[in-house]
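Undergrad: Below you will find the structure I want to go over with you.
Where a number appears in this text, it was derived from the coordinates with a stated rule and is not lab data. Quick caveat: nothing in here was measured; it's all calculated off a predicted structure. Glycine gets a Cβ as well: all are built from the backbone with ideal geometry, and neighbour counts include every protein chain shown.
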Amino acid sequence: GNSVTQMEGPVTLSEEAFLTINCTYTATGYPSLFWYVQYPGEGLQLLLKATKADDKGSNKGFEATYRKETTSFHLEKGSVQVSDSAVYFCGGIGEMEFQGAQKLVFGQGTRLTINP
Amino acid sequence: EPEVTQTPSHQVTQMGQEVILRCVPISNHLYFYWYRQILGQKVEFLVSFYNNEISEKSEIFDDQFSVERPDGSNFTLKIRSTKLEDSAMYFCASRPMNRATNEKLFFGSGTQLSVL
C-alpha cells in the first residue's frame, strides 16, 4: 500500500533560519501529496498540496515540489518565524482513490520549534 | 471558512467503559473519516464513511469500534469497551463531493481521549 516517510524531529531552529523537512512517499501510480500543519492545541490544517509531478505547492512562505524522480515532497521555507512552531505532517492520497472515500496516509510528523 | 466541530475536546474514561466521540462535519460534505494520533506518533486512519456505510476501515478499527451518522448532521465514533491503548487524540474529517476540491480533507480540532 501507499506510505509516507518524513524526517524525524524534533527540529529546532532560530528565527530567520532556512527550513527543510524531508518527505518521501511510496505508492503505485502518482499520488497527490500534501503538507498539513498542526499548531499547538489545534487540529490539522492543510498547508499546501501538489497533485502531479513537478507541481510546486506554496503557502505562507512554505514551498514543496513534487519530485517524481526522487519520490519526494520536501517542505522548505527560506526564513522561519516563531509563529511557524508546530507539527508538520506530510501526507498522500493514492492516484486511484479519488473515485471513492479516499484515504489520506500521513507521515509520522515533525515537530518544529523556532526560537526568537 | 466552515469548520468541522468535535465534542468534547477532552474525554476521560475508565478502562472497559463505552465512549462516544461526536463530530459535526461541514454541512454539504459527503465523505467522513476518523483518524487517531497516539501521543508522539503518526496520525493513523481508522475509518471512512460514505452514503451511510463504511467505505474502508483499518486493522485498528476492530469490533470494539463503530461509527454512525444518526441524524444527518452528527457523525459519531463509539468505542464499546475502552482499553488503555485507546488513549489518543481522535480527529474527525470530512470532504465535499466536488471533484475540484475533493482531495482536501477538513479536520476537526480533535478529542483527546484518556483511558485510565
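Undergrad: As an exercise, identify the chymotrypsin sites (Phe, Trp or Tyr not before Pro) in region A:1-62 lying in DSSP coil whose Cβ has no more than 16 other Cβ atoms within 10 Å.
TA: A:PHE18
Undergrad: Between A:VAL11, A:ALA50, A:TRP35, whose Cα lies farthest towards the positive end of the dipole of region A:1-101 when Lys and Arg beta carbons carry +1 and Asp and Glu beta carbons carry -1, centred on the Cα centre?
TA: Checking the options against the dipole of region A:1-101, the answer is A:ALA50.
Undergrad: Between beta-carbons, use under 10 Å as the cut-off and find the net charge around A:SER79, counting Lys and Arg +1, Asp and Glu -1.
TA: It works out to a net charge of -2.
Undergrad: Along the Cα-to-C-beta direction of A:ASN115, a point sits 7 Å from the Cα; which residues of region A:16-34 have their amide N less than 18 Å from that point?
TA: Residues A:16-20 fall inside that zone.
Undergrad: Where does the Debye-calculated log10 I(q)/I(0) of the protein assembly as shown sit at q = 0.07, 0.14, 0.16, 0.18 Å⁻¹, using only Cα point scatterers of equal weight, no solvent?
TA: At q = 0.07, 0.14, 0.16, 0.18 Å⁻¹ the computed log10 ratios are -0.22, -0.89, -1.14, -1.37.
Undergrad: I've got another one for you. If each residue of separation counts as 0.36 nm, what is the full-extension length gain between A:LEU13 and A:SER85 once their alpha-carbon separation is subtracted?
TA: Stretched fully, the A:LEU13-A:SER85 segment lengthens by 25.0 nm.
Undergrad: Under a Cβ-Cβ cut-off of 14 Å, what is the net charge of the residues other than B:ASP86 that fall near it, where Lys and Arg count +1 and Asp and Glu count -1?
TA: -1
Undergrad: A:LYS56 to A:SER3: extension gain in nm, 0.36 nm per residue of separation minus the Cα-Cα distance?
TA: In short, 17.0 nm is gained.
Undergrad: Still on this structure, I have one more. Can you give the Kirkwood hydrodynamic radius for chain B, in Å, rounded to one decimal and based on Cα pairs?
TA: Details: mean 1/r = 0.0704 Å⁻¹.
Its Kirkwood hydrodynamic radius stands at 14.2 Å.
Undergrad: Between B:TYR31, A:THR70, B:SER87, whose Cα lies farthest towards the positive end of the dipole of the protein assembly as shown when Lys and Arg beta carbons carry +1 and Asp and Glu beta carbons carry -1, centred on the Cα centre?
TA: Value: B:TYR31.
Undergrad: Among the listed pairs A:LYS52/B:LYS83; A:LYS52/B:LYS78; A:LYS56/A:LYS103; A:LYS49/B:LYS57; A:LYS68/B:LYS78, which have their C-alpha atoms separated by more than 32 angstrom in this model?
TA: In this structure, A:LYS52/B:LYS83; A:LYS52/B:LYS78; A:LYS68/B:LYS78 exceed 32 Å between Cα atoms.
Undergrad: Between exposed trypsin sites (Lys or Arg not before Pro) in chain A, where DSSP calls loop and at most 12 other Cβ atoms lie within 10 Å, what's the longest gap? Write down the numbers at each step before the final one.
TA: Details: sites that count: A:LYS52, A:LYS60, A:LYS68.
Longest site-free region, per DSSP loop and neighbour criteria: A:1-51.
Undergrad: Mean shadow of region A:26-116, computed from the convex hull of its alpha carbons, in nm²?
TA: 6.4 nm²
Undergrad: Counting other Cβ atoms within 10 Å, which GluC sites (Glu not before Pro) in region B:1-49 have at most 11 and lie in a DSSP loop? Don't skip to the answer; put the middle values down first.
TA: On the way: sites: B:GLU3, B:GLU18, B:GLU44; in loops: B:GLU3, B:GLU18.
Within region B:1-49, the qualifying GluC sites (Glu not before Pro) (loop, at most 11 other Cβ atoms within 10 Å) are B:GLU18.
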